[in-house]
Each structure stands twice: as C-alpha cells, then as structure tokens.
Amino acid sequence: MTNVKLQIPKTLTITDEQFLQIIAANKDLRLEFSSKGELIVMSPTGGETGGRNQELGGQIWFWNRKNNLGKAFDSSTGFKLPNGATRSPDASWITIERWNALTPEQRKKFLPLCPDFVIELVSETDDVEDTQAKMQEYINNGLRLGWLINPKNKQVEIYRQNQEVEVLQSPPNLSGEDVLPGFILDLQPIFA
C-alpha cells in the first residue's frame, strides 16, 4: 500500500481540533496534513521498517537519556510547522530550552514548532521524491539537521540549514554534529 493524499477544498478550513477529531475517529490510520491542504493517509510499515524505526528511536532516546539536552519523540508525535502543515517524522528531537518554552497546554497537542532534528526512514511504500520534499519542508520551517535514510540502497541524505544536501553511500555511522553533541548513530542495524 502506498500513501494516499486526499485533497481538501480550499474553501474548507480544518482546524487543529478538527484534525484531532479526524484522527480520533480513524485510530487505525496514521495521518498528516500538508501545507497544501492535503490530508495524507500514511500506510502502516512492515516488520523490517518497524524494527528499523524502533532502532533509530532507541539510539536517540538512549543518547538523550544520558545527556538530558532535549526531548526525543517517536513517529506518532505531530508537529504543527510554521507553514501550517502537521507532520510526524519517524524520529525527532528538540532542545530542552524549546521544550521548556512551550506551555503545558501546547505540550498536550501537536507541538507548534519544527523539530531541531528529524530522521525519515524510506520504507517500501514510500515515494523517495515525496520524502525528499518533506525533508526540504522541514528545512524551510527551521530544521537544523535532518537525515533521510534509505536502507534499500544504503544511502543517507543529510539536510542542514543553508547548505546543499549531502549524500553518503553506505556510511557506518552518522554524527549528530553540533545539534546533538556527542550523538553517533550506528547504521549497521539499519543497513543489515
């Protein structure tokens, strides 16, 4: 199954509360909302992709637990980007300062910001060009560092502010650079 995009007429505005109601009424679906007014139904992942997502999230969680520099999030977390899109990256992280600046009410809903760091993992059902456009959308909305990981061809695209996308072939690991200081992602379990 591939992702499905439902067009919402421009004359119909869906509020965050209404989007939450749509999600609540469709608990078996993973939904995103694009800045173009598209309701995107994300297909479930297969076992390999689900395991890889867990591995990615686990490595970030463990690093963050030791360093306590921010908050790590899984793929079910929604971020309301400045351009109006609501996105759920496969793994994400924000600094503790940005988390602390949110009100208790903001923390309960879609987080009203773009993450500092995201990982998107290309699954069997993903369109690579759509995922690349999503990464560029994150950059355009304030993302500091992003990794687009394609296990099928063992390729990683690195997205950074004000830089060209860097493409690496079969890297053994990735550095969190100055965004996630000291974080090294081991890609062996992702590419195995």
Q.
With the structure loaded, tell me whether GLN106 is among the polar types (S, T, N, Q) and either under 20 Å from SER76 (Cα atoms) or surrounded by 15 or more Cβ atoms within 10 Å (Cβ to Cβ) (or both) or whether it fails that test.
A. yes
Q) Within segment 55-98, how many residues are at pLDDT below 95, surrounded by 16 or more Cβ atoms within 10 Å (Cβ to Cβ) and polar (S, T, N, Q)? A) 5
(Q) Residues that are touching a strand residue (DSSP E or B) at 6+ places or on another chain (Cβ under 6 Å) and touching a residue at least 40 places away in the same chain (Cβ under 8 Å): does segment 150-172 have at least one? (A) no
Q. Just to be sure, is ARG107 out of contact with any strand residue (DSSP E or B) (no Cβ under 8 Å at 6 or more places or on another chain) and at pLDDT 95 or above?
A. yes
Q) Mind checking whether some residue in segment 168-181 is more than 23 Å from GLY51 (Cβ to Cβ), surrounded by fewer than 15 Cβ atoms within 10 Å (Cβ to Cβ), at pLDDT 95 or above and within 17 Å of the chain's Cα centre (by Cα)? A) no
Q) Looking only at segment 127-145, which residues are within 16 Å of SER35 (Cα to Cα) and in contact (Cβ under 8 Å) with a residue 60 or more places away in the chain? A) ASP130, GLU137, ASN141, GLY142
Q.
I need the full set of residues from segment 136-167 which are among the hydrophobic types (A, V, I, L, M, F, W, C) and either more than 18 Å from the chain's Cα centre (by Cα) or closer than 21 Å to ASP186 by Cα (or both), in order please.
A. LEU145, TRP147, LEU148, ILE149, VAL156, ILE158, VAL165, VAL167
Q) With respect to ILE158, is the statement that it is hydrophobic (A, V, I, L, M, F, W, C), outside any helix (DSSP H, G or I) and either in contact with a helix residue (DSSP H, G or I) (Cβ under 7 Å, 6 or more places away or on another chain) or under 29 Å from GLU38 (Cα atoms) (or both) true? A) yes
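The values are calculated or read from the model by the stated rules, or taken from the named source; none is laboratory data. Note that this is a predicted model, so its numbers are computed, not measured. Neighbour counts are summed over all protein chains in view; Cβ atoms, including those assigned to glycine, are modelled from backbone coordinates with ideal geometry.
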